[in-house]
Amino acid sequence: MVRKPQKGFIQVLEGKQKSKQIEILYFPPEYTMEKSNSFSEIAIPGLESPYVQYVKGNAGSITIEAFYDTYEDGTDVREYTNNLSNLMNIDPELHAPPPLRFIWGMPSKEPFTCVLERVTQKFIMFLYDGTPIRAKLNITLKEFKMELNVREKSLQSSDKTKVYITKQGDSLWLIAHREYGNSSMWRQIADKNNIYDPKYLEPGTRLLIPSEE
(Lines give C-alpha, C1' and ligand atoms only; values in the text may rest on other atoms or scores of the structure.)
Protein backbone atom coordinates (compact mmCIF):
# COMPACT_ATOMS: atom_id res chain seq x y z
CA MET A 1 0.00 0.00 0.00
CA VAL A 2 1.45 3.34 -1.07
CA ARG A 3 1.90 5.92 1.67
CA LYS A 4 -0.72 8.62 1.55
CA PRO A 5 0.43 12.21 0.89
CA GLN A 6 0.83 14.27 4.03
CA LYS A 7 -0.24 17.85 4.47
CA GLY A 8 1.87 20.17 2.36
CA PHE A 9 4.70 22.11 3.92
CA ILE A 10 4.72 24.97 1.38
CA GLN A 11 1.72 27.25 1.00
CA VAL A 12 1.17 29.69 -1.87
CA LEU A 13 0.33 33.17 -0.52
CA GLU A 14 -0.59 35.18 -3.61
CA GLY A 15 -1.51 34.78 -7.26
CA LYS A 16 -3.50 32.25 -9.25
CA GLN A 17 -2.71 29.36 -6.85
CA LYS A 18 -3.30 31.37 -3.66
CA SER A 19 -3.86 29.19 -0.54
CA LYS A 20 -2.71 26.03 -2.31
CA GLN A 21 -0.59 23.71 -0.13
CA ILE A 22 2.01 21.57 -1.85
CA GLU A 23 1.81 17.89 -0.89
CA ILE A 24 4.75 15.50 -0.65
CA LEU A 25 4.75 11.74 -0.27
CA TYR A 26 7.45 11.51 2.38
CA PHE A 27 8.02 14.31 4.85
CA PRO A 28 11.67 15.51 4.94
CA PRO A 29 13.53 14.32 8.08
CA GLU A 30 15.47 17.58 8.30
CA TYR A 31 16.03 20.99 6.76
CA THR A 32 18.85 23.55 6.92
CA MET A 33 18.23 27.21 7.74
CA GLU A 34 20.83 29.90 7.02
CA LYS A 35 20.91 33.59 8.00
CA SER A 36 23.67 36.20 7.81
CA ASN A 37 24.35 39.90 8.45
CA SER A 38 26.45 42.49 6.66
CA PHE A 39 28.80 44.80 8.56
CA SER A 40 31.13 47.58 7.47
CA GLU A 41 34.51 48.33 9.01
CA ILE A 42 35.31 51.94 9.91
CA ALA A 43 39.07 52.46 10.19
CA ILE A 44 40.15 54.97 12.85
CA PRO A 45 43.80 56.15 12.89
CA GLY A 46 45.59 55.01 16.03
CA LEU A 47 43.31 52.06 16.81
CA GLU A 48 44.49 48.45 16.56
CA SER A 49 41.20 47.36 15.00
CA PRO A 50 38.36 49.20 13.23
CA TYR A 51 34.90 49.93 14.50
CA VAL A 52 32.33 47.52 13.10
CA GLN A 53 29.01 49.04 12.04
CA TYR A 54 25.93 46.94 11.38
CA VAL A 55 24.67 47.59 7.83
CA LYS A 56 21.79 45.20 7.17
CA GLY A 57 20.48 41.70 7.56
CA ASN A 58 20.72 39.48 4.49
CA ALA A 59 17.87 37.33 3.24
CA GLY A 60 17.68 33.99 5.00
CA SER A 61 17.33 30.68 3.20
CA ILE A 62 16.10 27.17 3.88
CA THR A 63 17.31 24.09 2.02
CA ILE A 64 15.42 20.79 1.98
CA GLU A 65 15.86 17.40 0.36
CA ALA A 66 12.44 16.00 -0.50
CA PHE A 67 11.84 12.38 -1.54
CA TYR A 68 9.07 11.17 -3.86
CA ASP A 69 8.19 7.55 -4.64
CA THR A 70 5.28 6.31 -6.78
CA TYR A 71 6.65 2.81 -7.38
CA GLU A 72 3.67 0.94 -5.93
CA ASP A 73 1.19 3.06 -7.88
CA GLY A 74 3.24 2.78 -11.07
CA THR A 75 2.46 6.42 -11.89
CA ASP A 76 4.73 9.20 -13.12
CA VAL A 77 6.43 10.79 -10.11
CA ARG A 78 6.59 14.08 -11.99
CA GLU A 79 2.89 14.56 -11.25
CA TYR A 80 4.08 15.39 -7.71
CA THR A 81 7.49 16.94 -8.30
CA ASN A 82 6.12 19.41 -10.85
CA ASN A 83 3.90 20.90 -8.15
CA LEU A 84 7.07 22.19 -6.52
CA SER A 85 9.20 23.01 -9.54
CA ASN A 86 6.33 24.96 -11.14
CA LEU A 87 6.48 27.42 -8.24
CA MET A 88 9.46 28.95 -10.04
CA ASN A 89 7.26 29.90 -12.99
CA ILE A 90 5.91 33.42 -13.42
CA ASP A 91 2.38 33.75 -12.08
CA PRO A 92 0.15 35.52 -14.68
CA GLU A 93 -1.52 37.61 -11.97
CA LEU A 94 1.70 38.67 -10.26
CA HIS A 95 4.07 38.81 -13.26
CA ALA A 96 6.58 37.09 -10.98
CA PRO A 97 6.91 33.74 -9.18
CA PRO A 98 4.49 33.62 -6.21
CA PRO A 99 5.48 34.29 -2.59
CA LEU A 100 5.28 31.21 -0.36
CA ARG A 101 5.12 30.23 3.28
CA PHE A 102 7.21 27.44 4.76
CA ILE A 103 4.93 26.08 7.49
CA TRP A 104 6.87 23.20 9.04
CA GLY A 105 8.13 24.06 12.52
CA MET A 106 7.91 27.83 12.07
CA PRO A 107 6.39 30.01 14.86
CA SER A 108 2.91 31.14 13.84
CA LYS A 109 3.66 34.72 14.92
CA GLU A 110 6.65 34.92 12.56
CA PRO A 111 6.43 32.35 9.73
CA PHE A 112 9.09 31.98 7.06
CA THR A 113 7.80 33.83 3.99
CA CYS A 114 9.85 33.03 0.93
CA VAL A 115 10.14 32.39 -2.80
CA LEU A 116 11.43 29.25 -4.46
CA GLU A 117 14.97 30.13 -5.53
CA ARG A 118 16.28 26.79 -6.78
CA VAL A 119 15.12 23.22 -7.44
CA THR A 120 17.30 20.31 -8.52
CA GLN A 121 15.40 17.18 -9.54
CA LYS A 122 17.16 13.79 -9.59
CA PHE A 123 15.18 10.83 -10.93
CA ILE A 124 16.56 7.55 -9.60
CA MET A 125 14.09 4.80 -10.63
CA PHE A 126 12.10 4.21 -13.82
CA LEU A 127 9.47 1.89 -15.31
CA TYR A 128 10.34 -0.25 -18.32
CA ASP A 129 9.06 2.51 -20.63
CA GLY A 130 11.27 5.17 -19.01
CA THR A 131 8.60 6.76 -16.81
CA PRO A 132 10.29 8.08 -13.61
CA ILE A 133 8.78 6.68 -10.40
CA ARG A 134 11.27 7.81 -7.76
CA ALA A 135 12.91 11.19 -7.31
CA LYS A 136 14.94 13.33 -4.94
CA LEU A 137 14.53 17.10 -4.97
CA ASN A 138 16.96 19.60 -3.48
CA ILE A 139 14.99 22.77 -2.78
CA THR A 140 16.21 26.22 -1.76
CA LEU A 141 13.69 28.72 -0.37
CA LYS A 142 14.79 32.37 -0.20
CA GLU A 143 13.37 34.70 2.43
CA PHE A 144 10.91 37.19 0.90
CA LYS A 145 9.85 40.27 2.83
CA MET A 146 6.17 41.21 2.53
CA GLU A 147 5.97 43.24 5.76
CA LEU A 148 8.05 44.21 8.80
CA ASN A 149 8.65 41.48 11.36
CA VAL A 150 8.09 41.88 15.11
CA ARG A 151 11.62 43.14 15.83
CA GLU A 152 11.61 45.61 12.95
CA LYS A 153 8.26 47.04 14.02
CA SER A 154 9.71 47.73 17.47
CA LEU A 155 12.26 50.08 15.87
CA GLN A 156 9.54 52.31 14.42
CA SER A 157 6.82 54.35 16.06
CA SER A 158 3.31 54.98 14.76
CA ASP A 159 4.45 58.28 13.23
CA LYS A 160 7.08 56.43 11.15
CA THR A 161 9.96 57.58 13.33
CA LYS A 162 13.13 55.64 12.47
CA VAL A 163 16.07 54.60 14.61
CA TYR A 164 19.65 55.35 13.57
CA ILE A 165 22.85 54.29 15.36
CA THR A 166 25.64 56.83 14.88
CA LYS A 167 29.12 55.90 13.71
CA GLN A 168 32.49 57.63 13.67
CA GLY A 169 32.45 60.77 11.52
CA ASP A 170 28.67 61.26 11.61
CA SER A 171 27.16 64.71 12.03
CA LEU A 172 23.57 65.88 12.20
CA TRP A 173 24.03 67.68 8.90
CA LEU A 174 25.22 64.48 7.20
CA ILE A 175 22.44 62.36 8.74
CA ALA A 176 19.78 64.92 7.73
CA HIS A 177 21.11 64.91 4.17
CA ARG A 178 21.06 61.10 4.09
CA GLU A 179 17.58 60.73 5.58
CA TYR A 180 15.76 63.74 4.12
CA GLY A 181 17.93 64.84 1.22
CA ASN A 182 18.20 68.23 2.96
CA SER A 183 21.04 68.92 5.42
CA SER A 184 19.26 72.02 6.76
CA MET A 185 16.73 69.74 8.48
CA TRP A 186 19.32 68.72 11.10
CA ARG A 187 17.50 70.74 13.78
CA GLN A 188 14.48 68.42 13.47
CA ILE A 189 16.69 65.52 14.56
CA ALA A 190 18.40 67.60 17.25
CA ASP A 191 15.08 68.64 18.82
CA LYS A 192 13.76 65.09 18.78
CA ASN A 193 16.84 63.80 20.63
CA ASN A 194 17.54 66.80 22.90
CA ILE A 195 20.93 67.44 21.29
CA TYR A 196 22.44 70.82 22.15
CA ASP A 197 25.77 70.51 20.34
CA PRO A 198 25.13 69.31 16.77
CA LYS A 199 28.86 69.24 15.99
CA TYR A 200 29.56 66.35 18.34
CA LEU A 201 27.97 62.90 18.10
CA GLU A 202 29.42 59.99 20.01
CA PRO A 203 29.65 56.77 17.94
CA GLY A 204 27.02 54.24 18.98
CA THR A 205 24.43 56.85 19.96
CA ARG A 206 20.83 55.81 19.30
CA LEU A 207 19.02 58.60 17.44
CA LEU A 208 15.32 58.86 16.63
CA ILE A 209 14.83 60.17 13.11
CA PRO A 210 11.39 61.81 12.94
CA SER A 211 9.15 61.62 9.92
CA GLU A 212 9.18 64.48 7.45
CA GLU A 213 5.40 64.64 7.68
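The values are calculated or read from the model by the stated rules, or taken from the named source; none is laboratory data. Note that this is a predicted model, so its numbers are computed, not measured. Using ideal geometry, Cβ is built from the backbone for each residue, glycine included, and neighbour counts are taken over all protein chains shown.
Details
- Residues of the range 52-77 that are outside any strand (DSSP E or B), farther than 12 Å from Tyr26 by Cβ and not hydroxyl-bearing (Ser, Thr, Tyr): Asn58, Ala59, Gly60, Glu72, Asp73, Gly74, Asp76.
- Selection from the range 25-43 of residues that are surrounded by 12 or more Cβ atoms within 10 Å (Cβ to Cβ) and either in contact with a Gly (Cβ under 6 Å, 6 or more places away or on another chain) or in a loop (DSSP other than H, G, I, E, B) (or both): Leu25, Phe27, Pro28
- Of the residues making up the range 42-74, those that are of a type in the set (D, E, K, R) and modelled with pLDDT of 80 or more are Glu65, Asp69, Glu72, Asp73.
- Scanning the range 1-24 for residues that are of a type in the set (D, E, K, R), at pLDDT 80 or above and loosely packed, with under 14 Cβ neighbours inside 10 Å yields a single hit, Lys16.
- With a requirement of 3 or more residues that are buried (at least 17 other Cβ atoms within 10 Å of the Cβ) and at pLDDT 80 or above, the helices (runs of 4 or more DSSP H) lying completely within the range 116-213 that satisfy it span 172-180, 186-193.
- Residues being touching a residue at least 12 places away in the same chain (Cβ under 8 Å) and at positive phi - total across the range 175-213: 1
- Listed by first and then second residue, the pairs linking a residue in the range 49-63 that is of a type in the set (Phe, Trp, Tyr) to a residue that is assigned to a strand (DSSP E or B), with Cβ atoms under 7 Å apart and 6 or more places separating them unless they lie on different chains, are Tyr51/Ile42; Tyr54/Asn37; Tyr54/Phe39.
- Against the numbered list (1) in a strand (DSSP E or B); (2) at pLDDT below 90; (3) touching a Gly at 6+ places or on another chain (Cβ under 9 Å), Thr113 comes up short only at (3).
- Top-ranked residue of the range 87-104 - restricted to ones that are assigned to a loop (DSSP other than H, G, I, E, B) and without any contact (Cβ under 8 Å) to a residue 40 or more places away in the chain, ranked as surrounded by the fewest Cβ atoms within 10 Å (Cβ to Cβ): His95
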